[in-house]
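Everything below concerns the one structure shown next.
The values are calculated or read from the model by the stated rules, or taken from the named source; none is laboratory data. This structure is a prediction, so every number in the text was calculated from the model and none was measured. So basically every Cβ, Gly included, is an ideal-geometry build from the backbone, and we count neighbours across all protein chains shown. Calculation scope for accessible area: heavy atoms of the full protein, side chains included, ligands and nucleic acids excluded. Shrake-Rupley method; radii C 1.70, N 1.55, O 1.52, S 1.80 Å.
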Amino acid sequence: MQGVFDVEPVGYTASPRPGAGPTFDTIPFVISPGKKVVLNGLYAVPDPDGRRAHYGRVVSGYESNEDAAPSRLQQAGALHLDMPMRRGDDSLFLHRVAELEVLGEVAVLEGSPVSVAVEPPANLPQTGKPVVPLAGALAEALLGFPPPGEGLELGRAFGADAAVVLPRSALPRHILIVGRPGTGKSYARGVLAEEIARHGIPQVNFDANGEMAEAAVELGGVNLVPGVDYKVPLWALGESELLSLQPNLTQAHQDLIVDAYIDLSERREVWTWEELADEIRRVGAAVAQRADVVDRAIRRLGYGIRQNAIIGELGDWSDLLRRYRFVNVLLGGLKRSQREIVVAATARMLQRRRLREEVPPFVFGLDEAHLFLPAGGRESPSTAVIREFVRMGRHMKVGVVLVSQSPLGIDRQVMLLCNTRLIFALDGEDLRAMSGFLADAPEQMRERIPKLGQGVAVLSGGAELVRHTLMVEVRRRRTTHGAPTPDLKAEVELWSRTSRGK
């Protein structure tokens, strides 16, 4: 062997039994004595000239040992014989076989850095050929990832010595991160935030549980608390959001307010409460509504607005996104209806600002996405505007990152528009909800998703972003992780030592 495949083989392609040799889809190989083969590792079967090869990943394996045959073990136990059960890897009575899932054929091109041309499998692999491990630059080239400095470095390929680096083009095509609580999805969101910040791309993140609060500051950003240092203006609300500010409205009141809202919004993009109140009076006069009904509608809505601390004058978001590359909106402590208003109104406002180039391109992050983008045809105030955000994001030069512990609860239309998926441990209906988003993941990988370790995820996506579905070990964060799984025993002991526990 020559060239980039000039590596000591770990085994040789084989026919473990009649009719079970290499196919266009799988390549069994016998592992050489003393060699180690890892699950999901990348390996190649090169041609003799070393410039072309079949390549794939290990999806299964087994060991056959005549010394450990059930009948032999039974005899040894019954007769109390001290018989060898495993004589070592070089035993004549033992062999180990692994199976490669063929991912394609590769031609290594001349030049530096390593460059490859990848094609679908077209030639039938042969038996008796060496199998060599793939690592480093060649493995990364085969996986289709850019160099770490040019993309978003997530971690290492599980079982293979290769960096997992998403191209920056994955951002405007949107990213979905899902997994059970405690599996590492929030941690991975932090890694992604670090990478986005490293490239100087502004981020607006809606943080349901304060998990990104410390990281936002460490990345040179700012935390905003709705109702304290951040408010949403009336003109950024939708009809249902406006009415939700005062639930004690009669149908006549609602009709007046909605008609006034529509008429005013058609004439002006930005308006005040006083102008809306005047418009309600004008509509009331136009439809000959009684004066007391009109006045009561204005008073009730006005009271609801004054009682809602999240409603107020909009700050200068153009300046905010110039000064801070990470704006983290803290949603904790808000009622669910207030959360939906904040997210929907801010998204609507940013969409308008971005279309007029008043704010720079940015990444829009949303935690607990299932609460704002519910599945099953249910609509929250935020559903329509965020769905439009996702649909138009690439054209507006805006990326979207959605995080959820319940993919089953997310609007499927939105999930289909997320071209990169990072899937941590899931099971049951949530796993079935993701079954159509696993691209070319082999069945063995799909079956292991419920038992993935913390910090390990399946990465899948469009072939131009993630050439092959793979498992990734998320790298260590450089910022503070705000949501570690608590040790309840340690937390009880800490509480007991404080004045609250005495």
Residues (without any contact (Cβ under 8 Å) to a residue 40 or more places away in the chain and in a strand (DSSP E or B)) located in the stretch 12-63 | Gly61, Tyr62, Glu63
Is there a residue in the stretch 307-329 that is surrounded by 13 or more Cβ atoms within 10 Å (Cβ to Cβ), more than 34 Å from the chain's Cα centre (by Cα) and not hydroxyl-bearing (Ser, Thr, Tyr)?
-> no
Out of the stretch 65-121, which residues are assigned to a helix (DSSP H, G or I) and either aliphatic (A, V, I, L, M) or within 17 Å of Phe5 (Cα to Cα) (or both)?
-> Ala68, Leu73, Ala76, Ala78, Leu79
Subset of the stretch 368-378 [assigned to a loop (DSSP other than H, G, I, E, B) and closer than 21 Å to Val403 by Cβ] | Glu368, Leu373, Ala375, Gly376, Arg378
Quick one: count up the residues across the stretch 156-177 that are touching a helix residue (DSSP H, G or I) at 6+ places or on another chain (Cβ under 8 Å), under 27 Å from Leu39 (Cβ atoms), open to solvent by less than 10 Å² (accessible area, probe 1.4 Å) and outside any strand (DSSP E or B).
-> 1
So how many residues does the stretch 89-117 have that are in contact with a Gly (Cβ under 9 Å, 6 or more places away or on another chain) and at pLDDT 90 or above?
-> 10
Among all residue pairs at least 6 apart or on different chains, which show Cβ distances below 6 Å where the first residue, located in the stretch 84-101, is among the basic types (Lys, Arg) and the second is at pLDDT 85 or above and in a loop (DSSP other than H, G, I, E, B)?
-> none
Are there any pairs, at least 6 apart or on different chains, whose C-beta atoms fall under 8 Å, with the first in the stretch 237-256 and more than 17 Å from Thr346 (Cβ to Cβ) and the second among the polar types (S, T, N, Q), and if so, which?
-> Leu243/Gln254; Ala252/Gln289; Leu256/Gln289
Is it the case that Ala463 is modelled with pLDDT of 90 or more and more than 12 Å from the chain's Cα centre (by Cα)?
-> no
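Give me the helices (runs of 4 or more DSSP H) completely within the stretch 290-367, filtered to those with at least 1 residues that are modelled with pLDDT under 90, ordered by residue number.
Working: elements: 291-307, 317-323, 336-355.
In the stretch 290-367, 317-323, 336-355 are the helices (runs of 4 or more DSSP H) which contain 1 or more residues that are modelled with pLDDT under 90.
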Within the stretch 184-208, count every residue that is crowded, with 22+ Cβ neighbours inside 10 Å and charged (D, E, K, R).
-> 3
How many of the residues making up the stretch 418-450 are outside any loop (DSSP other than H, G, I, E, B), farther than 17 Å from Ala157 by Cα and not aliphatic (A, V, I, L, M)?
-> 10
Taking the stated definitions as given, is Gly428 within 22 Å of Glu211 (Cβ to Cβ), at pLDDT 90 or above and open to solvent by less than 50 Å² (accessible area, probe 1.4 Å)?
-> no
Kindly list, by first and then second residue, each pair from a residue in the stretch 423-435 that is within 12 Å of Pro181 (Cβ to Cβ) to a residue that is among the charged types (D, E, K, R) and open to solvent by less than 60 Å² (accessible area, probe 1.4 Å), limited to pairs with Cβ atoms under 9 Å and residues at least 6 apart or on different chains.
-> Phe424/Lys185
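Results for (1) closer than 30 Å to Ala117 by Cα; (2) charged (D, E, K, R); (3) surrounded by fewer than 12 Cβ atoms within 10 Å (Cβ to Cβ); (4) out of contact with any strand residue (DSSP E or B) (no Cβ under 6 Å at 6 or more places or on another chain), shown as yes or no for each residue.
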position	(1), (2), (3), (4)
Tyr55	yes, no, no, no
Val59	yes, no, no, no
Arg72	no, yes, no, yes
Gln75	no, no, no, yes
His80	no, no, yes, yes
Arg87	no, yes, no, yes
His95	no, no, no, no
Where a residue in the stretch 346-357 is in contact (Cβ under 8 Å) with a residue 24 or more places away in the chain and its partner, wherever it lies, is aliphatic (A, V, I, L, M) and part of a helix (DSSP H, G or I), with Cβ under 6 Å and at least six apart = Ala347/Val385; Ala347/Ile386; Arg348/Ala236; Arg348/Val385; Met349/Ala236; Arg354/Met396
Counting just the residues of the stretch 124-155 that are hydrophobic (A, V, I, L, M, F, W, C) and under 17 Å from Val38 (Cα atoms), which one comes out surrounded by the fewest Cβ atoms within 10 Å (Cβ to Cβ)?
-> Ala135
Per the filter on the stretch 7-45, residues over 16 Å from Asp89 (Cβ atoms), within 37 Å of the chain's Cα centre (by Cα) and either aromatic (Phe, Trp, Tyr) or open to solvent by 50 Å² or more (accessible area, probe 1.4 Å) (or both) are Val7, Thr23, Phe24, Asp25, Leu39, Tyr43
With respect to Pro121, determine if the residue is open to solvent by less than 30 Å² (accessible area, probe 1.4 Å), more than 19 Å from Ala457 (Cα to Cα), of a type outside the set (Ser, Thr, Tyr) and touching a Phe, Trp or Tyr at 6+ places or on another chain (Cβ under 8 Å).
-> no
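I'd like the residue in the stretch 212-235 that is aliphatic (A, V, I, L, M) and assigned to a strand (DSSP E or B) and, out of all such residues, is farthest from Val401 (Cα to Cα). So that I can check it myself, show each step before the final result.
Start the filter on the stretch 212-235 by keeping residues that are aliphatic (A, V, I, L, M), which leaves 212-213, 215-217, 219, 222, 224-225, 228, 232, 234.
Now narrow it down to the ones that are assigned to a strand (DSSP E or B): 222, 224, 232.
Details: Val222: 19, Leu224: 19, Val232: 22 Å.
Out of the qualifying residues, it is Val232.
Name the single residue that is nearest to the chain's Cα centre (by Cα) among those in the stretch 236-287 being in a loop (DSSP other than H, G, I, E, B) and buried (at least 20 other Cβ atoms within 10 Å of the Cβ). Explain how you work it out, then say what you get.
Taking the stretch 236-287 as the starting set, the residues that turn out to be in a loop (DSSP other than H, G, I, E, B) are 237-238, 245-250, 268-272, 287.
Add one more test, that the residue is buried (at least 20 other Cβ atoms within 10 Å of the Cβ), and what stays is 237, 245-246.
On the way: Leu237: 28, Leu245: 33, Gln246: 37 Å.
Ranking the candidates gives Leu237 first.
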In the stretch 209-235, which residue that is of a type in the set (Val, Ile, Thr) and modelled with pLDDT of 95 or more is most open to solvent (accessible area, probe 1.4 Å)?
-> Val217
